[in-house]
Amino acid sequence: MVTSAPAGVAAPAPDRGVAAEETAGSVARAFARSAAEYGVPRDLLVAVAYGESRLDGHDGEPSQANGYGVMHLVSNPDQRTLERAAGLTGLSAERLREDTVANIRGGAAVLRALADERGLGAADRRDPAAWYETVAAYGGAKDDRAARLYADAVYDLLGQGLTARAETGEAVTVAPRAVEPDRGKLERSTTGEFGVQSTDYASALWVPADASNYTVGRTSSITHVVIHVTQGSYAGSISWFQNPSSDVSAHYTIRSSDGQVTQSVREKDTAWHARSGNPYSVGIEHEGYISEPKWFTDAMYRSSAALTKHLADRYNIPKDRTHIVGHVEVPGNDHTDPGPYWDWTYYMQLVGGTNTGGQVQLSFPAYTSISAGSTGDLVRAAQYLLNQQGHNAGTVDGIFGSGTTAAVKSFQTAKGLTSDGVVGARTWTALLTAGTKPVLQQGSSGADVQRLQRGLTAALGRTVSADGVFGSGTATAVRDYQTSRGLTADGIVGSGTWGALQAGR
């Protein structure tokens with residue numbers, strides 16, 4: 001297996017900007033050095049990473065397909081680029097998952113190995129156009145249509161150029177360049193297999209999910225649309241639906257950059273996207289991550305809203321938040337998408353409906369401060385909780401006005417908190433945990449555990465999964481909270497721990 005450019009082979013000609021970025025930040029240097037070490041065009045390496053992750057490693061958390069880091073090194077039963085990168089570089093899987101510089105090096109090593117398998121010599125490797133089939137293979141798609149979606153996105157980025165901010169805050173750039181990729185066996189005319197359009201929605205491409213990931217037919221009429229976020233890339237998610245081991249699918253997926261739509265399951269069939277909601281809903285996935293608002297582009301919102309309006313008109317679905325809902329709002333689900341950065345008010349305006357009704361989202365990956373003038377789902381959550389506690393915030397409309405400010409101050413005064421009308425960490429902690437004080441410990445489950453997990457997320461400033469199951473992660477969070485507040489760190493939530501949480505400590 002190749003771990004560096006073979007001896008005696010000249011390094012590829014530097015891409016524009018490489019010399020400057022050798023003196024830039026750690027992420028920019030990692031792209032330049034990894035590209036040189038493995039003979040991968042630097043701009044191509046950046047474009048692959050940007051298409052996968054927008055250069056965000058997501059704090060070592062996996063994607064839907066169990067992929068890690070800016071290069072999305074994957075470890076699942078059908079794709080094992082993480083393990084392959086470990087073998088090629090000698091770096092541990094843990095380091096490849098969590099260290100961005102290592103992750104970039106691992107991605108470059110895998111790309112080079114795939115290029116070698118396809119017979120790319122030194123001259124070919126200098127030409128980004130020759131890497132098309134290698135890039136497609138890196139995406140892991142089993143179907144030529146999905147493979148081409150993946151590779152075309154990378155080459156579109158090369159053509160357009162990009163400037164992105166890495167997690168370190170440094171800018172990483174790719175200058176626009178004209179590249180006519182050699183698609184090899186993936187070449188398809190617009191009238192061929194690749195150009196097949198959906199028969200349900202004329203604007204969509206048709207790239208079917210594996211038959212083992214959905215149910216033919218329905219047991220209920222269509223009454224809802226469910227909004228999802230992929231926790232991964234557009235092409236990667238479509239490919240994941242084609243993986244027979246994934247046990248997941250959605251009817252449609254929307255691309256972030258331009259709003260392109262791909263259908264993977266016919267509307268007459270039951271996609272596996274929302275558990276109890278599957279029989280009566282159409283699921284729409286949106287490329288991105290719930291913690292990163294930069295994925296939610298205007299092109300995506302407009303394209304998705306046009307699709308949802310079409311579905312609502314076709315199936316007589318009321319255009320309100322009772323029938324157009326987030327994954328988090330479907331009963332019996334433990335997901336939090338589309339998350340706090342999804343702009344429901346704007347989306348429903350585009351759909352031509354109303355942002356009223358629907359269940360209130362209470363679980364978020366973070367509880368940021370909100371105050372007068374704030375809007376969105378976090379405000380709706382605070383208003384709902386304030387009303388539950390008898391502090392009248394008025395209509396749960398997601399608009400932090402004077403009535404909500406008065407209710408917050410009233411709650412803060414009752415809890416002995418600074419009465420400033422701002423819902424910060426302490427007020428969130430008290431609001432989220434208000435209620436009874438049952439004894440909870442590892443093995444407990446249910447709504448009270450979920451209430452505890454939300455409060456811990458606010459109090460500790462880190463995400464504690466609000467899945468309602470008191471497992472080892474929740475136990476660790478409880479002990480961390482108890483230690484930091486001078487409580488007995490036994491991992492058991494009794495009246496003392498509840499009392500501290502409900503006081504906003």
Relative pair counts by distance (%), Cα atoms of the stretch 127-229, 10 Å bins: 12, 30, 31, 19, 7, 0
Checking rank on 160-171, 420-431, 444-455, with mean other Cβ inside 10 Å and highest first, the result is 420-431, 444-455, 160-171
Compactness ratio of the stretch 48-87: Cα Rg over 2.2 N^0.38 Å, N = residue count? 1.06
List the lysines whose Cα sits under 27 Å from the Cα of Lys409, skipping any in the same chain fewer than 8 residues away. Lys437
Would you mind getting the Kirkwood hydrodynamic radius of the stretch 63-175 from its Cα pairs, rounded to one decimal in Å? 14.9
Per q in 0.06, 0.07, 0.08 Å⁻¹, report the Debye log10 I(q)/I(0) for the chain, using one uniform scatterer on each alpha carbon and no solvent. -0.31, -0.43, -0.55
Equivalent-ellipsoid semi-axes (√(5λ), Cα gyration tensor) for the stretch 384-448, whole Å, largest first? 25, 14, 10
The stretch 212-262 - convex hull of alpha carbons, volume per residue in Å³: 94
Take every Cα pair under 8 Å in the stretch 217-368 that's 6+ residues apart, average their separations, divide by the length, and report that relative contact order as a whole percent. 27
What are the radius of gyration and Dmax of the stretch 43-123, computed over its Cα atoms and given in Å? 12.0, 37
Spin-label proximity, Ala414 to the stretch 364-383 - amide N less than 19 Å from point 7 Å beyond Cα toward beta carbon: 379-383
Take the alpha-carbon centre of the stretch 281-355, take the same for the stretch 97-157, and report the distance between them in whole Å. 33
Computed over the chain: relative contact order in percent, which uses C-alpha pairs under 8 Å that are six or more apart: 9
With the 8 Å Cα cutoff and a minimum separation of six or more residues, the stretch 392-490 has a relative contact order in percent of 18
If you find the alpha carbon centre of the stretch 452-497 and of the stretch 403-434, how far apart are they in angstrom? 21
Any idea what % of Cα-Cα pairs in the stretch 138-190 are farther than 13 Å? 66
Eligible lysines near Lys309 by straight Cα distance, threshold 25 Å, same-chain separation 8 or greater: Lys268, Lys294, Lys319
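Contour minus end-to-end for Ala171 and Ser257, with contour as 0.36 nm per residue of separation and end-to-end as the Cα-Cα distance?
Roughly 29.1 nm would be gained on extension.
Using packing as a proxy for protection, rank 371-379, 274-282 so that the peptide with the highest average count of other Cβ atoms within 10 Å comes first. Walk me through the numbers before you get to the answer.
On the way: 371-379: 17.7, 274-282: 19.4.
The packing order, highest mean first, is 274-282, 371-379.
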The summed charge of the Glu133 Cβ neighbourhood (under 9 Å; Lys/Arg +1, Asp/Glu -1) stands at +2
Give the cross-link partners of Lys142 among the lysines, using a straight C-alpha distance below 19 Å as the criterion and excluding same-chain residues fewer than 8 apart. Lys185
What does the convex hull of the alpha-carbon atoms of the stretch 223-338 project to on average, in nm²? 6.6
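We did not get these values from a lab; they are worked out from the coordinates using the rules stated. Just so it is clear, the model here is predicted, and its values are computed rather than measured. Here the Cβ is made from the backbone with ideal geometry for all residues, glycine too, and neighbour counts use every protein chain on show.
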